[in-house]
Amino acid sequence: MGIVLSNIIAIYRRELQSYFVSPLAYAIAGIFWFIAGLFLIMILLGPDGILPQVAAYDLQAQQFQVPLPPIDVPYEFVRAFLDRMGWLLLFILPILSMGLYAEERKRGTLELLATSPVTNWAVAVGKLLGVLTFFTTMVLPLLVFEAIAIGGSNPPFSPSIPLLGHLGLILLAAAILSLGMFISSLTDSTILSAVLTFALILLLLFVDLIAKSIGGPVGEALGHLSLLKHYNTFIQGIFDTSALILFLSYIFLGIFLTAQSIDALRFQRQ
C-alpha cells in the first residue's frame, strides 16, 4: 500500500510540475480568469445584473408604497456565478485533459509507462489528482473576489452555501477530467481528445432534457445520470448524497476505463 501511495505521489508531482511550466496551461488559466471576471462583473453590474435589478425593485416598492418581499442578493449572486462557471468548464476542461495521455503517446513515453512496475491505477489517479489540483488553483482567486463581493452583505451571508457550491464545482470538474483522461488514453491526437471530451460532456449535461422527452421509468433513470442536474443541487446550497455518489461514480468510472485502456496497450506490446 505504501509503495502504491508513493507511486501516486510521484506521478502527481510530475504531472503538476508539467502544468506549472507549460505556456499552454498559463494561457488556459488566463482565459479562464478573464471570462470568469467578466461573468462576475456582468452578474453584479451588467444591464440585467443583480444590483440594477434590486435598485429598480426598491424604486418600484417606494413608488407604489407596497411592501415587496426582500431579495437574497448574496445567494442569487453566488448561484448565478457558479451556474455560469459550470458552463465555462464545458470549454476549459477538455483542453486541460486532452494531453493527459495523448501527449505521452505522441512522445512515445506511454509504452514505457504501460510496461513500468507502476500500476495503471496509480498512474491514472496521480495524473487526475495533478490536473485537478491545477484546476483548483485556478478557482482559488475567484473565491477571494466572491468573498469581497458578498463580504459587505447585511445580515452576514452564511459561508456554507458558497463552499458547498464550490465543492460541487470541484466534483463536476473531477468527473469531467476523469472521463476526459480516459478519452485521452485512446488517441495520440490532443485535438481529437478535446473534441470527443467536449461532445461527451455535452451529452452528460443535456441528458436530463433527453430523459424528460422520453418520460416514464426509463426517462427517470436516465435523468439521474445528468451532471448538470446534480451540480445545480450543490449550487443551490443543498447537500444531496445521491449527487455526491453520482460524481464519485463518474470519477471512478473514468479512472477504471483509463486503467483498462492502458492495460490493453500493455497486452498489445507483449
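The values are calculated or read from the model by the stated rules, or taken from the named source; none is laboratory data. The structure presented is a predicted model; accordingly, all values stated were derived computationally and were not measured. No Cβ is skipped: glycine too gets one built from the backbone with ideal geometry, and neighbour counts run over all protein chains shown. When the accessible area is computed, the model is the full protein with side chains, heavy atoms only, and any ligands, DNA or RNA have been set aside. Shrake-Rupley method; radii C 1.70, N 1.55, O 1.52, S 1.80 Å.
Scanning segment 202-227 for residues that are touching a helix residue (DSSP H, G or I) at 6+ places or on another chain (Cβ under 9 Å), assigned to a helix (DSSP H, G or I) and not hydrophobic (A, V, I, L, M, F, W, C) yields Asp208, Lys212, Ser213, Gly219, Glu220, Gly223.
Taken over segment 252-264, residues that are under 11 Å from Glu111 (Cα atoms) and crowded, with 20+ Cβ neighbours inside 10 Å amount to 1.
Note on segment 131-150: residues that are over 18 Å from the mean Cα position of the chain (by Cα) and exposed (fewer than 12 other Cβ atoms within 10 Å of the Cβ) amount to 2.
Exactly one residue among Ser160, Ser153, Ser213 is under 20 Å from the mean Cα position of the chain (by Cα), among the polar types (S, T, N, Q), surrounded by fewer than 17 Cβ atoms within 10 Å (Cβ to Cβ) and more than 27 Å from Leu100 (Cα to Cα), and that residue is Ser160.
Residues considered: Leu222, Leu205, Leu244. Of these, the only one that is farther than 22 Å from Leu140 by Cα, of a type outside the set (Gly, Ala, Ser) and touching a residue at least 60 places away in the same chain (Cβ under 8 Å) is Leu205.
For Thr187, state whether it is assigned to a loop (DSSP other than H, G, I, E, B) and either under 22 Å from Phe256 (Cβ atoms) or of a type in the set (Gly, Ala, Ser) (or both). The answer is yes for Thr187. When Thr119, Thr115, Thr109 are screened for being hydroxyl-bearing (Ser, Thr, Tyr) and open to solvent by less than 60 Å² (accessible area, probe 1.4 Å), only Thr109 passes.
Go through Ser178, Ser185 for me and flag whichever is under 17 Å from Phe135 (Cβ atoms) and touching a residue at least 40 places away in the same chain (Cβ under 8 Å).
Going through Ser178, Ser185 in turn, just one is under 17 Å from Phe135 (Cβ atoms) and touching a residue at least 40 places away in the same chain (Cβ under 8 Å): Ser178.
Taken together, the residues in segment 228-242 that are assigned to a helix (DSSP H, G or I) and of a type in the set (Phe, Trp, Tyr) amount to 2. Identification of helices (runs of 4 or more DSSP H) wholly contained in segment 95-152 with 3 or more residues that are farther than 14 Å from Asp188 by Cβ yields 120-151. Candidates Ser242, Ser226, Ser249: the one that is of a type in the set (Ser, Thr, Tyr), open to solvent by 50 Å² or more (accessible area, probe 1.4 Å) and farther than 26 Å from Asn120 by Cα is Ser242. Cβ-Cβ contacts under 9 Å between residues 6 or more apart (or on different chains), taken from a first residue in segment 63-92 that is over 19 Å from Gly237 (Cα atoms) to a second residue that is among the acidic types (Asp, Glu), are listed as Leu68/Asp58. Of all residues in segment 69-78, none satisfies the criterion of being open to solvent by 80 Å² or more (accessible area, probe 1.4 Å) and touching a helix residue (DSSP H, G or I) at 6+ places or on another chain (Cβ under 6 Å). Assessment of segment 79-93 against the conditions (in a helix (DSSP H, G or I), open to solvent by 40 Å² or more (accessible area, probe 1.4 Å), among the hydrophobic types (A, V, I, L, M, F, W, C) and more than 20 Å from Asn7 (Cβ to Cβ)) yields at least one matching residue.
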